[in-house]
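Let me begin by presenting the structure, written as structure tokens, before commenting on it.
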Amino acid sequence: MKAIEEYVRSIPDFPEPGIIFRDVTSILQDAEGLHLAIDLMQEKLKDVEFDVVVGPESRGFIFGVPIAYNLHKPFIPIRKKGKLPCETVSVEYELEYGTATLEMHKDAIKPGQRVVIIDDLIATGGTNEAMVKLIEGLGGKVVKTVFLMELAGLNGRERLEGYDVDAVITYPGK
């Protein structure tokens, strides 16, 4: 059986020179890689008590939904602005170039619920910090965040200081 790292396609100098792009699609398009990724992420939750799984579009959906299904937990989507039909709460956050807005339904998280965030990647931590603000704004408590990959050189973990942050694969660079 291959290690999960062997399923990740690394593309040098994309999107710019000096950057190594870690491609999650090479995991998704291999049945064994996908199975292994979900199993390894789910394993990070084995001793965690929680009520709901939250994931951002679109790759948080890909990994979060099967984990929620396997553990018989609800899944709450966090979406880009304007995609949810009911009353929402939103948070604007900084991107490398400009800003973006994330939203979730106002009734998605109940006060006191223990929440796990699932996503494919932590880089600078901006998206993840925004998700924590949304969840906590509704009275939820983030008890763990699990990522398939971490780009440690971008220091995203520092933005989530005080939270239980875990990754299946950690790359030292950017």
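Within this structure, ILE118 fails the test of being assigned to a loop (DSSP other than H, G, I, E, B), at pLDDT 95 or above and aliphatic (A, V, I, L, M). Taking the range 52-68 as the range and being among the aliphatic types (A, V, I, L, M), open to solvent by less than 40 Å² (accessible area, probe 1.4 Å) and farther than 13 Å from ARG79 by Cβ as the test, the residues that pass are VAL52, VAL53, ILE67, ALA68. When we screen GLY137, GLY125, GLY98, GLY156 for residues that are among the small types (Gly, Ala, Ser) and surrounded by fewer than 14 Cβ atoms within 10 Å (Cβ to Cβ), the only hit is GLY98. Among the residues of the range 26-66, write down those that are aliphatic (A, V, I, L, M) and within 12 Å of the chain's Cα centre (by Cα). Those that are aliphatic (A, V, I, L, M) and within 12 Å of the chain's Cα centre (by Cα): MET41, VAL53, VAL54, ILE62, VAL65. Looking only at residues in the range 10-51 that are among the charged types (D, E, K, R) and assigned to a helix (DSSP H, G or I), the one that is most open to solvent (accessible area, probe 1.4 Å) is GLU32. State all residues of the range 52-83 that are in contact with a Phe, Trp or Tyr (Cβ under 7 Å, 6 or more places away or on another chain), under 16 Å from LEU121 (Cβ atoms) and not in a helix (DSSP H, G or I); if no residue qualifies, say none. Within the range 52-83, GLY55 is the sole residue that qualifies.
Applying a threshold of 6 Å to beta carbon distances and a minimum spacing of six or more residues, or different chains, the list of pairs starting in the range 123-140 at a residue that is over 11 Å from GLU103 (Cα atoms) and ending at one that is part of a helix (DSSP H, G or I) reads ALA123/LEU154; ALA123/GLY156; THR124/LEU154; THR124/GLY156; GLY125/GLY156; GLY125/ARG159; GLU129/ARG159.
Taking the range 90-113 as the range and being under 21 Å from PRO74 (Cβ atoms), of a type outside the set (A, V, I, L, M, F, W, C) and under 16 Å from the mean Cα position of the chain (by Cα) as the test, only GLU103 passes. Scanning the range 125-174 for residues that are over 14 Å from the mean Cα position of the chain (by Cα), closer than 14 Å to ARG114 by Cα and in a strand (DSSP E or B) yields a total of 1.
The values are calculated or read from the model by the stated rules, or taken from the named source; none is laboratory data. Just so we're clear, the structure is a prediction, and the values are computed from it rather than from any experiment. Note: ideal-geometry Cβ built from the backbone for every residue, glycine included; neighbour counts use all protein chains shown. Only protein heavy atoms, including side chains, enter the accessible area calculation; ligands, DNA and RNA are left aside. Shrake-Rupley method; radii C 1.70, N 1.55, O 1.52, S 1.80 Å.
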